[in-house]
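Take a look at this one; I'll ask things after.
The values are calculated or read from the model by the stated rules, or taken from the named source; none is laboratory data. The model shown is predicted, which means the values in this text are computed figures rather than measured ones. Because the Cβ atoms are built from the backbone with ideal geometry, glycine has one as well, and the counts that use them run over all protein chains shown.
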Amino acid sequence: MAAEKKHFVCVVCPIGCEIDVVYDGSEIISMEGNKCEKSEEFVRQELIGPMRILTTTVRIQGSRLPVIPVRTDKSVPKRLFPRMMKQLRRIKLQAPVNMLDVVARDVLHTGANIIATRTMLRE
Amino acid sequence: MIREVDVAVIGSGPAGLTAAIHAHNSGARKVLLLEREEELGGILKQCIHNGFGLEQFKQDYTGPEYAERLIKELEKTGVQCFLNTLVTDLSSERVITALSPEHGALEIKAKSIVLAMGCRERTGPSIGIPGTRPAGIFTAGVAQRFVNIDGYLPGKKVVILGSGDIGLIMARRLTLEGARVIGVYEIMNYPGGLKRNIVQCLNDFDVPLHLSHTVTEIRGKERVGGVVISKVDSSLHPVQGTEKSIECDTLLLSVGLIPENELSKKAGIELSGATKGPITTETMETSVPGIFTCGNVSAVFDLVDYVAQTGAAAGTFAARYASGSLSADRRPVDIVAGENVRLLFPQRYGFQDDLVLFIRAAEPVEKPVTIEVAPPGSKINRLYARPNEMLRVKVPKEKLAEAKQPIKVSIMEK
């Protein structure tokens, strides 16, 4: 594969370095614009496949509110977001739910669990 | 019946919760927290995304997690909370009038008061848009509440006017929930929200950001049917001939926030023209003795960590005021905006504590800058100054002992 120029904005810290990378499909040939090494790791992961925390809501019954906020307990591949959202739409919880309760395990075989991000009492 | 308390805190978002905890921990015996909603936590409850408390707790919390951590901490203090309680009046003698289904009409006399009512979303620029007024126009925060608390989608084809952080967050949220976000249109030539939100909320989901663009017409009868977008020139006026018609069913407004100061005005508190919040000293005391302020009711902050920091100061000094141990032997001096400073907070220095200054630059400087606080002539270096990212600098109390009227704050290229 021919070397390709790519542009990234690092989100590791608020500085937001604008980074120019030349990448040949397996190795980083050059990297410019980053102020620390942390962004190197960030760019490497972005090149392989961006990882993010997914935050969303799922349905809940028996509580004052109809939805409860949830998130993945670690970063998951961003490209799986649409499929994860589809799967989470099928979930219906029963109150009470405590903050950090596991709502779904090993979602899409990522090794990540979906956890509740607040407590919701039965009402 | 008039209830008497040491410290009354109005509002239970991150600022109010932190203030109540710190007032208790600083020795105030009777602390009362007043919240108009059914539960504590304020706007954090609908901010289900992560990125909260990175600095304060070294944790990447979502809004609800951050709130629950503070609420648990508050529960340990035994601070009394009145929920569903709407404060309707506030006097300069520190008497609060409030209404609550449980407690009826309330009159509360407090030795000191902390204002923590937060902010509102601006709608002003949208009022000037020509066209019809159909359903389907929401502020970004209202849409956020619909999706994250009430569980329904406000629209399917969305245009976002303004690039404030809530608008960016909602671009991602609505995309995840299956809506199509056509684009974010920003009248300025730089984004309003944080850079990390541009990357994680727009770029990640292929939502385009159009700088120097605005909505010049709203179309539709019952429901929004579309909008007209125009380029703007350097004086922000729409350029004729650049109009583009876009079909959509929803228009979200993310055009800024403004401190909620109905009560502050009733108490006769002096407001700042720049922040639109009360003028305060480093102890968070307003121009009315014994009334303190913190969080987004004082100035709109970028990060919850900053909000909590002002809450901690307000709670601590409100407790000291209530116990009579806050000395006021020196007149506060003014802190004024110098070169490239659009606004700053606090606006006065009262010689009680270190000065933690929050500064918003007027123009972006993408190279190293020096922030000068003079007198005493302290110079603090930063890598850049951007209007969408507040600068925070600290000047120790010892250095300020000789400070004279006024202290001038400037941002200069190095």
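Condition check: modelled with pLDDT under 95 and assigned to a loop (DSSP other than H, G, I, E, B). Does B:Val255 satisfy that? Walk me through it before giving the result.
Details: modelled with pLDDT under 95: yes; assigned to a loop (DSSP other than H, G, I, E, B): yes.
Taking the combined requirement at face value, the residue satisfies it.
Now for a separate question. Applying the selection to the range A:44-77, what residues are more than 17 Å from B:Cys201 (Cα to Cα) and of a type in the set (Lys, Arg)?
A:Arg44, A:Arg59, A:Arg64, A:Lys74 - these are the residues of the range A:44-77 that are more than 17 Å from B:Cys201 (Cα to Cα) and of a type in the set (Lys, Arg).
Can you find a residue in the range B:94-106 that is out of contact with any strand residue (DSSP E or B) (no Cβ under 7 Å at 6 or more places or on another chain) and either in a strand (DSSP E or B) or surrounded by 15 or more Cβ atoms within 10 Å (Cβ to Cβ) (or both)? Quick ask: steps written out before the conclusion?
Initially, the range B:94-106 is screened for residues out of contact with any strand residue (DSSP E or B) (no Cβ under 7 Å at 6 or more places or on another chain), giving B:101-102, B:104.
Retained after the next criterion (residues that are either in a strand (DSSP E or B) or surrounded by 15 or more Cβ atoms within 10 Å (Cβ to Cβ) (or both)): B:104.
Yes.
From the set of residues in the range A:18-45 that are closer than 23 Å to B:Phe52 by Cβ and surrounded by 15 or more Cβ atoms within 10 Å (Cβ to Cβ), which is nearest to the chain's Cα centre (by Cα)?
Only one residue fits best here, namely A:Phe42.
If you go through the range B:153-167 one residue at a time, do you hit one that is within 11 Å of chain A (Cβ to nearest Cβ) and farther than 30 Å from A:Gln87 by Cβ?
no
Pick out the one residue from B:Ala28, B:Ala23, B:Ala67 that is outside any loop (DSSP other than H, G, I, E, B) and more than 10 Å from chain A (Cβ to nearest Cβ). Working first, answer last.
Numbers: B:Ala28 fails: outside any loop (DSSP other than H, G, I, E, B); B:Ala67 fails: more than 10 Å from chain A (Cβ to nearest Cβ).
None of the others qualify; the one that does is B:Ala23.
Still on this structure, please answer the following. Being facing chain B (nearest Cβ under 9 Å) and not in a strand (DSSP E or B) is the filter; apply it to the range A:34-68 and report the residue that is farthest from A:Ala104 (Cα to Cα).
Step by step, filter the range A:34-68, then rank; the result is A:Lys35.
Go through the range B:32-64 and give me each residue that's more than 10 Å from every other protein chain (Cβ to nearest Cβ) and of a type in the set (A, V, I, L, M).
Selection gives B:Leu32, B:Leu33, B:Leu34, B:Leu40, B:Ile43.
Separate question: Can you give me the ranges of the strands (runs of 3 or more DSSP E) entirely in the range B:109-182 with at least 1 residues that are in contact (Cβ under 8 Å) with a residue 24 or more places away in the chain and in contact with a helix residue (DSSP H, G or I) (Cβ under 6 Å, 6 or more places away or on another chain)? Talk me through it step by step, then tell me what you get.
Values: elements: B:119-121, B:137-139, B:157-161.
So the answer is B:119-121, B:157-161.
Of everything in the range B:362-399 that's within 14 Å of chain A (Cβ to nearest Cβ), in a strand (DSSP E or B) and under 24 Å from the mean Cα position of the chain (by Cα), which residue is surrounded by the most Cβ atoms within 10 Å (Cβ to Cβ)?
It comes out as B:Ala385.
What number of residues within the range B:337-379 are of a type in the set (Ser, Thr, Tyr) and more than 25 Å from A:Lys35 (Cβ to Cβ)?
Kept after step one, since they are of a type in the set (Ser, Thr, Tyr), are these residues of the range B:337-379: B:349, B:370, B:378.
Adding the requirement that they be more than 25 Å from A:Lys35 (Cβ to Cβ) leaves B:349.
Going through the range B:337-379 one residue at a time, the tally reaches 1.
Just need a number here: residues in the range B:232-248 that are assigned to a loop (DSSP other than H, G, I, E, B), within 29 Å of the chain's Cα centre (by Cα) and more than 30 Å from B:Gly118 (Cα to Cα).
Just the residues of the range B:232-248 that are assigned to a loop (DSSP other than H, G, I, E, B), to begin with: B:233-237, B:239-243, B:248.
Then drop every residue that is not within 29 Å of the chain's Cα centre (by Cα), which leaves B:234-237.
Now narrow it down to the ones that are more than 30 Å from B:Gly118 (Cα to Cα): B:234-235, B:237.
Of the residues in that region, 3 qualify.
Would you mind finding the one in B:Ala274, B:Ala314, B:Ala299 that is surrounded by fewer than 24 Cβ atoms within 10 Å (Cβ to Cβ), of a type in the set (Gly, Ala, Ser) and within 18 Å of the chain's Cα centre (by Cα)?
Working: B:Ala314 fails: surrounded by fewer than 24 Cβ atoms within 10 Å (Cβ to Cβ); B:Ala299 fails: surrounded by fewer than 24 Cβ atoms within 10 Å (Cβ to Cβ).
Only one candidate passes the filter, namely B:Ala274.
(1) in contact (Cβ under 8 Å) with a residue 12 or more places away in the chain; (2) among the hydrophobic types (A, V, I, L, M, F, W, C); (3) surrounded by fewer than 23 Cβ atoms within 10 Å (Cβ to Cβ); (4) closer than 25 Å to A:Leu80 by Cβ: which one isn't true of B:Val199, the others all being true?
With (1) in contact (Cβ under 8 Å) with a residue 12 or more places away in the chain; (2) among the hydrophobic types (A, V, I, L, M, F, W, C); (3) surrounded by fewer than 23 Cβ atoms within 10 Å (Cβ to Cβ); (4) closer than 25 Å to A:Leu80 by Cβ applied to B:Val199, the lone miss is (1).
I'm trying to understand the selection: among the residues of the range A:74-123, which are within 11 Å of another protein chain (Cβ to nearest Cβ) and within 25 Å of B:Leu40 (Cα to Cα)? Walk me through it before giving the result.
If we filter the range A:74-123 for residues that are within 11 Å of another protein chain (Cβ to nearest Cβ), which is where we start, we get A:74-75, A:78-79, A:81-82, A:84-86, A:88-89, A:98-100, A:115-121, A:123.
Within the range A:74-123, A:Asn98, A:Met99, A:Leu100, A:Ile115, A:Ala116, A:Thr117, A:Arg118, A:Thr119, A:Met120, A:Leu121, A:Glu123 meet the criteria.
Same structure again: For the range A:25-37, state whether one or more residues are of a type in the set (A, V, I, L, M, F, W, C) and in contact with a His (Cβ under 8 Å, 6 or more places away or on another chain).
no
If B:Arg348 satisfies all but one of (1) touching a residue at least 24 places away in the same chain (Cβ under 8 Å); (2) closer than 26 Å to B:Met188 by Cα; (3) of a type in the set (Lys, Arg), what's the number of the condition it fails?
For B:Arg348, the failing item is (2).
Looking at B:Gln56, B:Gln46 in this structure, which one is surrounded by fewer than 24 Cβ atoms within 10 Å (Cβ to Cβ), at pLDDT 95 or above and either under 21 Å from A:Met120 (Cα atoms) or in contact with a helix residue (DSSP H, G or I) (Cβ under 6 Å, 6 or more places away or on another chain) (or both)? Break it down into steps so the answer makes sense when it comes.
On the way: B:Gln56 fails: at pLDDT 95 or above.
Exactly one of B:Gln56, B:Gln46 is surrounded by fewer than 24 Cβ atoms within 10 Å (Cβ to Cβ), at pLDDT 95 or above and either under 21 Å from A:Met120 (Cα atoms) or in contact with a helix residue (DSSP H, G or I) (Cβ under 6 Å, 6 or more places away or on another chain) (or both), namely B:Gln46.
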